[in-house]
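The block underneath contains the structure these notes are about, expressed in structure tokens.
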Amino acid sequence: MKVYLIRHTSVDVAPGTCYGQTDVPLKASFEEEAAVCKSRIENLQFDKVYTSPLSRCTRLAAFCGYPGAERDDRLKEINCGKWEMKRYDDISDPRLREWYDDYLHVPATGGESFMDLLHRVSSFLEELKQHPYEQVLIFAHGGVLISAQVYAGVIKPEQGFDAISPYGGMVVIDL
């Protein structure tokens, strides 16, 4: 099975802000960015289309012609808990240092670690493999795209930050 994962377009959030699962707005350039995403997939046929339920993904799915894409909570971005919508420079939580030192295993206060996210995305992909689909399209987030690549053996977990897809970027994995 070939799985195409597209990251949502640019968000309208101040740089350096930890937004995680917060349902944030998209930049005014949405239609221009979304048109590029749509052009990458317009000649492909998909057996099934999924999306994160957050509006930055559902809006892109709809623009690309999939307003009925199945929503799945496991495709949400990493939960940053009490740090959401705070600038990283303004987070006074002493656990932030621990997280920087070991984001793979240390969760954000009240949120998830990368391994928690990986487990959630892996659960989704394991379930997906039970279907007879040949091509699947997923609209999701940077952390989900990284997790899918780790699951597929394309990258190692510690390479995640180096493998983050740009806004509107696409990765393809084989399951």
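Only one of Gly142, Gly153 is small (Gly, Ala, Ser) and closer than 28 Å to Pro25 by Cα; which? Of Gly142, Gly153, the one residue that is small (Gly, Ala, Ser) and closer than 28 Å to Pro25 by Cα is Gly142. From the list Asp101, Asp73, Asp116, the one residue that fits, being farther than 17 Å from Tyr4 by Cβ and at pLDDT below 95, is Asp101.
Considering only residues in the range 94-124 that are surrounded by 20 or more Cβ atoms within 10 Å (Cβ to Cβ) and in contact with a Phe, Trp or Tyr (Cβ under 6 Å, 6 or more places away or on another chain), the one that is farthest from Tyr50 (Cα to Cα) turns out to be Ala108. Which members of the range 4-44 meet the condition of being of a type in the set (Val, Ile, Thr), closer than 25 Å to Gly81 by Cα and either open to solvent by 20 Å² or more (accessible area, probe 1.4 Å) or not in a loop (DSSP other than H, G, I, E, B) (or both)? Residues satisfying the conditions are Ile6, Val11, Val13, Thr17, Thr22. Do we find a residue being in a helix (DSSP H, G or I), open to solvent by 20 Å² or more (accessible area, probe 1.4 Å) and more than 25 Å from Pro25 (Cα to Cα) anywhere in the range 52-69? Within the range 52-69, none of the residues are in a helix (DSSP H, G or I), open to solvent by 20 Å² or more (accessible area, probe 1.4 Å) and more than 25 Å from Pro25 (Cα to Cα). Within the range 76-102, the residues that satisfy the criterion of being in contact with a Gly (Cβ under 9 Å, 6 or more places away or on another chain), in a loop (DSSP other than H, G, I, E, B), over 12 Å from Ser113 (Cα atoms) and not acidic (Asp, Glu) are Lys76, Met85. Of all the criteria given as (1) loosely packed, with under 13 Cβ neighbours inside 10 Å; (2) among the polar types (S, T, N, Q); (3) in a helix (DSSP H, G or I), the one not satisfied by Gln130 is (3).
Within the range 158-175, the set of residues being closer than 22 Å to Tyr100 by Cα and either surrounded by 16 or more Cβ atoms within 10 Å (Cβ to Cβ) or modelled with pLDDT under 95 (or both) comprises Glu158, Gln159, Gly160, Phe161, Asp162, Ala163, Ile164, Ser165.
The values are calculated or read from the model by the stated rules, or taken from the named source; none is laboratory data. Nothing here was measured: the structure is a model prediction, and the numbers come from that model. Every residue, glycine as well, gets a Cβ built from its backbone with ideal geometry; the counts of neighbours run over all protein chains shown. All accessible areas refer to the heavy atoms of the entire protein, side chains included, with ligands and DNA or RNA removed. Shrake-Rupley method; radii C 1.70, N 1.55, O 1.52, S 1.80 Å.
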